[in-house]
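See below for the structure under consideration.
The values are calculated or read from the model by the stated rules, or taken from the named source; none is laboratory data. If you're wondering where the values come from, they're calculated on a predicted model, not measured in any experiment. Counting neighbours? That spans all protein chains shown, and the Cβs are built from the backbone with ideal geometry, glycine included.
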């Protein structure tokens, strides 16, 4: 079966993995079964890429923001940089990918917290949702979410059922990638059970985390149907219904008509 209305709420088509066929791939997907893409920015160059491509393709939208792994290249006046970018496109629909990442040795916890907090404030000042990255930093992430109460999504969710319940109780959405389909990923399947259908988003985080059936390949938005099939399997629904629901959810969260 060929599925339609695939909305990828988190992708990275600026990645070098797409250098050989980026425009052909995006144009083909958006002309067929992919109804929308949201580019998740990670640094200044990535923000500018998103603005350029949002102008280029009608169903391509972008965020602006600085990822916690890229703080070594963070501009001193990064909030001013974000303010300036806001004037360049009406298709900036979120602030992201922002958050905390304590995975690698040598991370600067205090700087990450400061930059995350200030970008949450920036998003609130522009009434924009946030796209949040959290790896090995659940406690600090949730503390800031409780304090700031942003709208937005916790992307590539890998947390517990209990954390998912709290994220939802704070009014936020939860995004699942191809990792949900991985064999033995019982933790994410259990967390899925805490997410109401109207708070669920599907994403690739491409070119990473291709779902089962495509493991080892470069991921792209067309593969989201595999995530929808897994959600449908565990929720008693059907994949196309899940795709329609999550496309509507993404449009509602990000203010897309």
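Residue-by-condition table, conditions (1) within 27 Å of residue 248 (Cβ to Cβ); (2) modelled with pLDDT of 95 or more; (3) assigned to a helix (DSSP H, G or I); (4) touching a strand residue (DSSP E or B) at 6+ places or on another chain (Cβ under 9 Å):
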residue	(1), (2), (3), (4)
9	yes, yes, no, yes
23	no, yes, yes, no
27	yes, yes, yes, no
35	yes, yes, no, yes
38	yes, yes, no, yes
41	yes, yes, no, yes
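In the stretch 119-150, which residue that is in a loop (DSSP other than H, G, I, E, B) and without any contact (Cβ under 8 Å) to a residue 40 or more places away in the chain is surrounded by the fewest Cβ atoms within 10 Å (Cβ to Cβ)?
Of all residues in the stretch 119-150, those in a loop (DSSP other than H, G, I, E, B) come to 126-129, 136-137, 149-150.
Restricting the remaining residues to those that are without any contact (Cβ under 8 Å) to a residue 40 or more places away in the chain gives 127-128, 136-137, 149-150.
On the way: 127: 8, 128: 23, 136: 14, 137: 22, 149: 12, 150: 22.
Going through the qualifying residues, I end up with 127.
Regarding residue 195, is this residue in contact with a helix residue (DSSP H, G or I) (Cβ under 7 Å, 6 or more places away or on another chain) and either at negative phi or surrounded by 15 or more Cβ atoms within 10 Å (Cβ to Cβ) (or both)?
It is true that residue 195 is in contact with a helix residue (DSSP H, G or I) (Cβ under 7 Å, 6 or more places away or on another chain) and either at negative phi or surrounded by 15 or more Cβ atoms within 10 Å (Cβ to Cβ) (or both).
I'm checking my understanding of the structure. Among residues of the stretch 68-83 that are touching a residue at least 40 places away in the same chain (Cβ under 8 Å) and under 14 Å from residue 100 (Cα atoms), which one is surrounded by the most Cβ atoms within 10 Å (Cβ to Cβ)?
If we take residues in the stretch 68-83 being touching a residue at least 40 places away in the same chain (Cβ under 8 Å) and under 14 Å from residue 100 (Cα atoms), then 68 is surrounded by the most Cβ atoms within 10 Å (Cβ to Cβ).
So, in the stretch 50-75, of the ones that are part of a loop (DSSP other than H, G, I, E, B) and farther than 12 Å from residue 115 by Cβ, which residue ends up nearest to the chain's Cα centre (by Cα)?
59
From the set of residues in the stretch 198-230 that are touching a strand residue (DSSP E or B) at 6+ places or on another chain (Cβ under 7 Å) and assigned to a helix (DSSP H, G or I), which is surrounded by the most Cβ atoms within 10 Å (Cβ to Cβ)? Outline the logic, then answer.
Let us first name the residues in the stretch 198-230 that are touching a strand residue (DSSP E or B) at 6+ places or on another chain (Cβ under 7 Å), namely 199-206, 219-222, 224-225, 227-228.
Narrowing further to those that are assigned to a helix (DSSP H, G or I): 199, 221-222, 224-225, 227-228.
Numbers: 199: 19, 221: 26, 222: 20, 224: 30, 225: 22, 227: 27, 228: 27.
So, considering only residues that are touching a strand residue (DSSP E or B) at 6+ places or on another chain (Cβ under 7 Å) and assigned to a helix (DSSP H, G or I), the one surrounded by the most Cβ atoms within 10 Å (Cβ to Cβ) is 224.
Being under 22 Å from residue 59 (Cα atoms) and either without any contact (Cβ under 8 Å) to a residue 40 or more places away in the chain or touching a strand residue (DSSP E or B) at 6+ places or on another chain (Cβ under 6 Å) (or both), is that true of even one residue in the stretch 183-196?
Within the stretch 183-196, not a single residue is under 22 Å from residue 59 (Cα atoms) and either without any contact (Cβ under 8 Å) to a residue 40 or more places away in the chain or touching a strand residue (DSSP E or B) at 6+ places or on another chain (Cβ under 6 Å) (or both).
How many residues does the stretch 84-110 contain that are assigned to a loop (DSSP other than H, G, I, E, B) and either out of contact with any strand residue (DSSP E or B) (no Cβ under 6 Å at 6 or more places or on another chain) or surrounded by 17 or more Cβ atoms within 10 Å (Cβ to Cβ) (or both)?
First, pick out the residues of the stretch 84-110 that are assigned to a loop (DSSP other than H, G, I, E, B): 87-91, 102-108.
Restricting the remaining residues to those that are either out of contact with any strand residue (DSSP E or B) (no Cβ under 6 Å at 6 or more places or on another chain) or surrounded by 17 or more Cβ atoms within 10 Å (Cβ to Cβ) (or both) gives 87-91, 102, 104-108.
The number of residues fulfilling the criteria is 11.
Would a scan of the stretch 121-141 turn up a residue that is touching a helix residue (DSSP H, G or I) at 6+ places or on another chain (Cβ under 9 Å), more than 21 Å from residue 40 (Cα to Cα) and modelled with pLDDT of 95 or more?
Within the stretch 121-141, one or more residues are touching a helix residue (DSSP H, G or I) at 6+ places or on another chain (Cβ under 9 Å), more than 21 Å from residue 40 (Cα to Cα) and modelled with pLDDT of 95 or more.
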